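The values are calculated or read from the model by the stated rules, or taken from the named source; none is laboratory data. Not measured: the values here are computed from a predicted model. Neighbour counts are summed over all protein chains in view; Cβ atoms, including those assigned to glycine, are modelled from backbone coordinates with ideal geometry.
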Amino acid sequence: MPAYAILGAQWGDEGKGKVVDFLARRADIVARFAGGNNAGHTVINDQGHFSLHQVPSGIFWPQTLSVMGSGVVVNPDPLLEEIESLKERGIDVDGRLLVSQRAHMIMPYHVAIDQLSEAAKGNKAIGTTGRGIGPAYADKASRNGLRMADLLDLKTLEPRLAEALEHANALITKVYGGGPLAFKTVLAQCREWSERIGPYIGPVEHELHEKLNQGGVVVLEGAQGALLDLDHGTYPFVTSSNPTIGGACVGLGLHPSQITGVIGVFKAYCTRVGAGPFPTELTGDTGERIRQLAQEFGTTTGRARRVGWFDAVMARYSGRLNGYTSNVLTRLDVLDSFDSIKVCTAYELDGEIINEPPGGEAALERCKPIYEEHSGWDKPTASATEYDQLPPQAVSYVSRLQELIGSPIDIISTGPRREEAITVRPIV
Ligand code: IMP
């Protein structure tokens with residue numbers, strides 16, 4: 001019963017969509033376990049170029065069931081739009097997508113509160129995606145949330161919605177000075193969702209256990225990345241869920257012994273979107289060059305991503321959180337034209353050398369990266385599909401990253417397309 005988790009090992013945007021699409025060819029189920037439409041997973045394959053926000057990246061393989069677990073927060077309107085747009089492009093979705101009854105909904109008032117609260121924070125804003133993620137998880141934790149199962153039982157939903165909306169409207173109007181949302185309008189939306197999204201709601205956790213018991217292959221698709229984890233990331237500049245391996249168990253009702261492989265996805269450098277500490281950030285020309293070469297602009301919000309050198313302090317920390325059995329290194333080709341490439345191996349904090357990130361935000365902001373320098377390569381790695389096509393300097397860079405991460409790099413991605421990858425050792 002193999003279940004493989006594919007996890008973002010940095011601050012998100014590591015290229016998980018491509019990796020899931022690539023590895024899902026042998027999967028019976030691909031399951032999203034955390035996050036919502038703050039994610040943006042790019043998949044480029046024979047069927048076209050796709051940006052997925054909520055639908056799991058397994059949707060492109062005909063034998064695969066795509067599921068969204070209890071740990072996900074679902075915004076029904078954009079999910080329906082995503083489903084329609086996939087159908088218009090010839091992708092079969094009906095009967096192949098299942099959303100957990102236990103998943104919470106992102107309601108219109110969550111989106112409003114997210115945007116109002118960010119605006120109120122001014123220059124202290126987190127830089128969220130503005131999709132209502134934080135407020136939806138906050139309502140879940142304070143037990144005011146509405147779940148997908150409630151859409152199947154509108155009689156129960158109605159009084160609970162009234163109570164939740166009263167609370168949300170008080171926050172919107174009294175704290176943020178915004179306009180209240182009308183109960184009638186939100187209820188009408190729920191009725192429509194009930195009809196249109198009802199057929200996709202089902203017993204996700206049961207399906208997963210059945211498939212695993214039958215010896216099926218399940219791929220757990222992470223969103224965001226370890227360093228954005230609510231508990232272990234660079235708090236408060238994090239998302240509101242756990243994109244780490246613990247979140248995969250909780251968000252799908254699996255137990256740890258069912259997970260046979262944990263695959264970390266690392267970019268060959270680092271990026272981060274939104275505010276928060278980023279010790280290896282490159283604010284000058286080199287950063288801009290990487291940003292332009294790699295087109296580092298958000299799939300969800302279009303924002304320019306911050307760019308920096310590979311941070312092995314964070315990589316080791318992320319490995320400790322997730323226990324990677326295998327890793328995928330993406331976007332190696334982006335570094336093809338550099339004479340020299342740096343890797344941060346430790347931080348200097350107030351005159352001391354440290355090897356793991358401090359827990360406090362202010363201390364992490366004061367950390368200065370200590371770099372080792374690698375020479376660039378004279379021959380491109382772009383589109384390479386065999387390890388021996390890589391120039392020796394690139395081999396040496398990858399080997400050094402592997403040593404610093406502390407677990408094997410089994411796949412190296414050398415371009416955006418499905419086939420542009422080197423399989424050093426098959427993982428699934
Ligand atoms: P939220 O998840 O929209 O609340 O945003 C919280 C933080 O996580 C912000 O810094 C976002 O930029 C970041 N974030 C959320 N989702 C992603 C993602 O898919 N990729 C990269 N950063 C993300």
- Looking at 230, 220, 181, which one is under 18 Å from residue 102 (Cα atoms) and not in a helix (DSSP H, G or I)? 220
- Message: Test of understanding: among 194, 241, which residue is within 16 Å of the ligand (Cβ to nearest atom), of a type in the set (Gly, Ala, Ser) and at negative phi?
- Response: 241
- Query: Regarding residue 168, is this residue more than 21 Å from the chain's Cα centre (by Cα) and crowded, with 22+ Cβ neighbours inside 10 Å?
  - Reply: yes
- Message: Can you pull out every residue in region 203-247 that is of a type in the set (Gly, Ala, Ser) and either touching a helix residue (DSSP H, G or I) at 6+ places or on another chain (Cβ under 9 Å) or more than 28 Å from residue 146 (Cβ to Cβ) (or both)?
- Response: 215, 216, 222, 223, 225, 226, 233, 240, 241, 246
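Pick out the one residue from 407, 396 that is small (Gly, Ala, Ser), in the same structural domain as residue 338 (by TED's automatic domain parsing) and not in a loop (DSSP other than H, G, I, E, B).
When all the criteria are applied, what remains is 396.
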- Message: Quick test of your reading of the structure: residue 249 fulfils all but one of (1) more than 19 Å from residue 229 (Cβ to Cβ); (2) in the same structural domain as residue 225 (by TED's automatic domain parsing); (3) assigned to a helix (DSSP H, G or I). Name the failing condition by number.
- Response: (1)
- Residue among 67, 99, 55, 73 that alone is modelled with pLDDT of 95 or more, crowded, with 21+ Cβ neighbours inside 10 Å, within 15 Å of the ligand (Cβ to nearest atom) and part of a strand (DSSP E or B): 73
- Residues that are within 16 Å of the ligand (Cβ to nearest atom), crowded, with 24+ Cβ neighbours inside 10 Å and in a loop (DSSP other than H, G, I, E, B), drawn from region 1-33: 9, 10, 11, 12, 13, 14, 33
- Task: Hand me the list of strands (runs of 3 or more DSSP E) wholly inside region 292-371 holding 3 or more residues that are surrounded by fewer than 20 Cβ atoms within 10 Å (Cβ to Cβ).
- Result: 340-349, 352-354
- Message: Which pairs turn up if I take residues in region 173-190 that are within 24 Å of residue 122 (Cα to Cα) and look for partners that are in a loop (DSSP other than H, G, I, E, B) with beta carbon separation below 7 Å, at least 6 apart in sequence or on another chain?
- Response: 173/180
- Item | Search result, residues across region 118-146 that are more than 10 Å from the ligand (Cβ to nearest atom), surrounded by fewer than 23 Cβ atoms within 10 Å (Cβ to Cβ) and not in a loop (DSSP other than H, G, I, E, B) | 119, 120, 121, 122, 123, 124, 138, 140, 141
- Of all residues in region 34-52 being away from the ligand (no atom under 14 Å from the Cβ) and not in a strand (DSSP E or B), the one that is surrounded by the most Cβ atoms within 10 Å (Cβ to Cβ): 47
- Query: If a residue has to be more than 28 Å from residue 162 (Cα to Cα) and within 22 Å of the chain's Cα centre (by Cα) to count, how many in region 83-141 make the cut?
  - Reply: 9
- Task: Being among the small types (Gly, Ala, Ser) and without any contact (Cβ under 8 Å) to a residue 40 or more places away in the chain narrows it down to one of 100, 51, 66, so name that one.
- Result: 66
- Query: Are any residues in region 329-382 farther than 30 Å from residue 124 by Cβ and without any contact (Cβ under 8 Å) to a residue 24 or more places away in the chain, and if so, which ones?
  - Reply: 353, 378, 379
- Item | Subset of region 261-282 (residues that are more than 16 Å from the ligand (Cβ to nearest atom) and modelled with pLDDT under 95) | none
- Query: Which of (1) within 16 Å of the ligand (Cβ to nearest atom); (2) without any contact (Cβ under 8 Å) to a residue 24 or more places away in the chain; (3) in contact with a Pro (Cβ under 7 Å, 6 or more places away or on another chain) is the odd one out, the single condition residue 297 does not satisfy?
  - Reply: (3)
- Subset of region 377-399, residues hydrophobic (A, V, I, L, M, F, W, C) and buried (at least 16 other Cβ atoms within 10 Å of the Cβ), comes to 377, 384, 390, 394, 398
